[in-house]
Every structure is written in structure tokens, then in C-alpha cells.
Amino acid sequence: MNAPVWRLLLDDAGDGAWNMAVDRVIQLEHATGHAPATVRLYRWTRPTVTLGRFQNRSDVDLAACEHYGVDVVRRFTGGRGVLHDDEVTYSIVAGVADGIPRGVAASYRHLATALLATYKALGVDAELTSRPRGRIGSSACYLHATHADLSAGSAKLSGSAQVWHAGTVLQHGSFTRTRDIAREAEIFGLDKGDAGRLSRTTATLADLLGEPPSLGRIRDAAVKGFALGLDVLLEPGVLGRVETRTAAKLLDVIEAQGD
């Protein structure tokens, strides 16, 4: 039996609002049958904090963001704040008709196969986080571990966020090369204790491999890992005209949500 064909988008760096708009529009178009299941790999034109859908903007230090040249936007997915910088970000849009199981927990486990295969291709032995942990009051995603996260040993390696719409899921997350702990702690207003925990309980690809892999190597590993883990054929494509126009219309909405 032939593997199903999904679209692969290998995008250039974009600003925060545009990246979030594109992910959401692909989901909306897929839900109406006008776009195929899609894996998208992209980067950011400048460091960007994405806030969870219901998170307060006051959860980040806006003065620190301005000082460091960090953009702040709101995601359509839930969860806590994430600082995107030295990484390759992914999004997956697919539905029940594409074999994605219904329900947040089941779909996370299913899609985690792609992430685990990607890390394996990079030479990292990752696993699903065994149990939730973290301080509820913290605004920073990386101070929490959930069943949606991957770990390397006892250290959190990556997290993912989801939103469902009409039987179609959008999930996105990142493969982090390096992290500036001091800057991240300042942006999220962490005290010394939480900043120390962020350093001790998280890991980047550079930490685990001894040096940061190139962005191209990460992207190639993701293409291989997603195809293998999800048992699909990834066919390079482009964003459609309707998707592009609709994403442009969403920009104002996303920028207003960030205020």
C-alpha cells in the first residue's frame, strides 16, 4: 500500500505574526478540504515570544523584549510563553481523515513519533515525558513538562502546542539549537530559583551533541523524521493563493491580540 502524500513547506524566515497566520490558515483550509495535510518548517526574522492563546501579555517583561529586540505575538494554540530564536520551528496540520486520532493526548502521542524520529536522525535519544511537572505560576513554557513534551534523560528537550478545528489539528513546536538562559529569564521575569531550574532541567541540541548542528542538518532530519515517523510521503509544495491572501487578512487580528 502506498504511503499517503502530504505537502511539505520549507519556508524562509518570517516575522511572528506572519508565521502564526500561515499556520492557522493552513488549518482552516485543510478543515474545509481546500488544503492537503501539511508539514511546515520555518524560522523567524528576529527573536519572538509567542504567547499561548489565553495567556496574559503581562506575563512577559515588555521592556526587556524591547531592549533585546524581541517581538511578542499571540498563538492560536494554548500553553505558556515560548521564546523562539536559534531553532527550526515545525507545524503539522492534519485531520482525522489523515489518520490522526481524536483527542489531545492521543494525537500528541501519535505526532510524537515524528519528533522522536527527527531527534533520532540527529543522534539524540529522546522520549515522551513520563509525567507532568512544573510550577503553575510560571509564564515560561520550559519550566513545565507535560505529556506533550519530549525529554532527554531528566531534561526537557522540547514542547508542543495544539488547537483543533472541525476535525483538523494544528500542532507546532521547535528543535532548539542553543538558548540564552539569562535573556530568557529576564524576558519571563523569572527569579533566580526559576532561572537556575531552567538551566538545570532543560537541554538544547548543542547541549546534547556537544556543538550546535547546522540549521540545514536539523531541517533535513525533520523532513526524514516526519516522513518516517508518520509513514507519509512529503511532497514539496508552496502556499496557495487563497492561503496567502487569507493569511494576510489574519495579520491584523493576530497583531491586535498581541496588544
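The values are calculated or read from the model by the stated rules, or taken from the named source; none is laboratory data. Please read all numbers here as calculations on a predicted model, not as lab measurements. No Cβ is skipped: glycine too gets one built from the backbone with ideal geometry, and neighbour counts run over all protein chains shown. Note: accessible area is taken over every heavy atom of the protein model, side chains too, but ligands, DNA and RNA are not part of it. Shrake-Rupley method; radii C 1.70, N 1.55, O 1.52, S 1.80 Å.
Evaluate the relative contact order of the chain (contact order divided by residue number), counting alpha-carbon pairs under 8 angstrom at least 6 apart; express in whole percent.
Details: 506 pairs, mean separation 71.0, N = 259.
Result for the chain is 27 percent.
At most 16 other C-beta atoms within 10 Å and a DSSP loop state: those are the exposed trypsin sites (Lys or Arg not before Pro) I care about. Give me the longest piece of the chain that has none. Intermediate results must be reported in sequence, preceding the final value.
On the way: sites that count: ARG53, ARG102, ARG135.
So the longest stretch without any such site is 136-259.
With runs of 4+ DSSP H residues as the only contributors, calculate the mean residue ellipticity of the chain at 222 nm using -39,500 (n - 2.57) per run, divided by the residue total and rounded to the nearest 500. All intermediate terms of the calculation are to be shown ahead of the outcome.
Values: 8 runs with 96 residues, N = 259.
Per the formula, -11500 deg cm²/dmol.
Amide H to amide H, which residues 5 or more places from ALA37 or on other chains are under 5 Å from it, using H placed in the peptide plane?
Here the answer is ARG7, since their amide H atoms fall under 5 Å of that of ALA37.
If you consider only alpha-carbon coordinates, what radius of gyration and Dmax does the stretch 193-259 have, in Å?
Cα-based Rg and Dmax for the stretch 193-259 come out at 18.7, 49 Å.
Explain nothing, just compute: Karplus ³J(HN,Hα) = 6.51 cos²θ - 1.76 cosθ + 1.60, θ = phi - 60°, for every residue of the stretch 149-163 in order, whole Hz, x for Gly and Pro.
Per-residue couplings from phi come out as 9, 10, 10, 10, x, 8, 9, 5, 9, 7, x, 9, 9, 10, 8 Hz.
Over the chain, with every protein chain in place, what whole percent of the accessible area is carbon and sulfur at 1.4 Å, could you tell me?
Working: 5980 of 11600 Å².
Carbon with sulfur: 52 percent of the solvent-accessible area.
Check VAL49: other-chain or 5+ apart residues with amide H under 5 Å from its amide H, H built from backbone geometry?
Residues meeting the amide H criterion: ASP71, VAL72, VAL73, HIS84.
If only Cα atoms are counted, what is the Rg of the stretch 151-234, and what is its Dmax, in Å?
15.7, 46
Does a label point 7 Å from the Cα of ASN2, set along Cα-to-beta-carbon, have any residues of the stretch 35-58 with amide nitrogen under 20 Å, and which are they?
Correct set: 35-39.
Take the chain, connect every pair of alpha-carbon atoms lying under 10 Å apart with a spring to form a Gaussian network, then pick out the residue of GLY52, GLY225, GLY123 with the largest mean-square fluctuation.
Comparing GLY52, GLY225, GLY123 in a Gaussian network model of the chain, the most mobile one is GLY123.
Could you report the accessible area of GLU127 in Å², rounded to 10, computed with a 1.4 Å probe on the protein chains as they sit in the structure?
Approximately 100 Å² of GLU127 is accessible to the 1.4 Å probe.
Rank these by accessible area, largest first, 1.4 Å probe: SER199, SER154, SER107. Display every interim value, and only then the final one.
Values: SER199 70, SER154 100, SER107 0 Å².
Ranked from most to least accessible, the order is SER154, SER199, SER107.
Expected output is a single nm value to one decimal: the length gained when fully extending between THR32 and GLU255, i.e. 0.36 nm times separation in residues minus the C-alpha distance. What is it?
Working: separation 223, 0.36 × 223 = 80.28 nm, distance 2.50 nm.
The span from THR32 to GLU255 would gain 77.8 nm if fully extended.
Determine the shape class of the chain: with a ≥ b ≥ c the square roots of the Cα gyration tensor eigenvalues, call it rounded for a/c under 1.5, and otherwise prolate if a/b is greater than b/c, oblate otherwise. Numbers along the way, then the final one.
On the way: a/c = 1.61, a/b = 1.22, b/c = 1.32.
The shape class here is oblate.
Report the percentage of all Cα-Cα pairs in the stretch 26-137 whose separation exceeds 17 Å, rounded to a whole percent. Before the final figure, lay out each step's value.
Details: 4248 of 6216 pairs.
Beyond 17 Å sits 68 percent of the P(r) for the stretch 26-137.
Taking only protein heavy atoms and a 1.4 Å probe, what accessible area per residue, in Å², does the chain have with all protein chains in place?
Working: 11600 Å² over 259 residues.
Accessible area per residue, the chain: 45 Å².
As an exercise, use a Förster radius of 25 Å and the Cβ-Cβ distance of THR244 and ALA166 to find the FRET efficiency, rounded to the nearest 0.05. Write out the running numbers ahead of the final one.
On the way: r = 21 Å, r/R0 = 0.85.
Step by step, r from the Cβ atoms, then E = 0.70.
Which of the DSSP-defined H helices in the chain satisfy a minimum axial length of 15 Å, computed from C-alpha atoms, and a minimum mean Kyte-Doolittle hydropathy of -1.0? All intermediate terms of the calculation are to be shown ahead of the outcome.
Details: long enough: 16-31 (23 Å, 0.06); 104-121 (26 Å, 0.56); 215-230 (22 Å, 0.67); 241-257 (25 Å, -0.14).
What comes out of the filter, once short or polar helices are dropped, is 16-31, 104-121, 215-230, 241-257.
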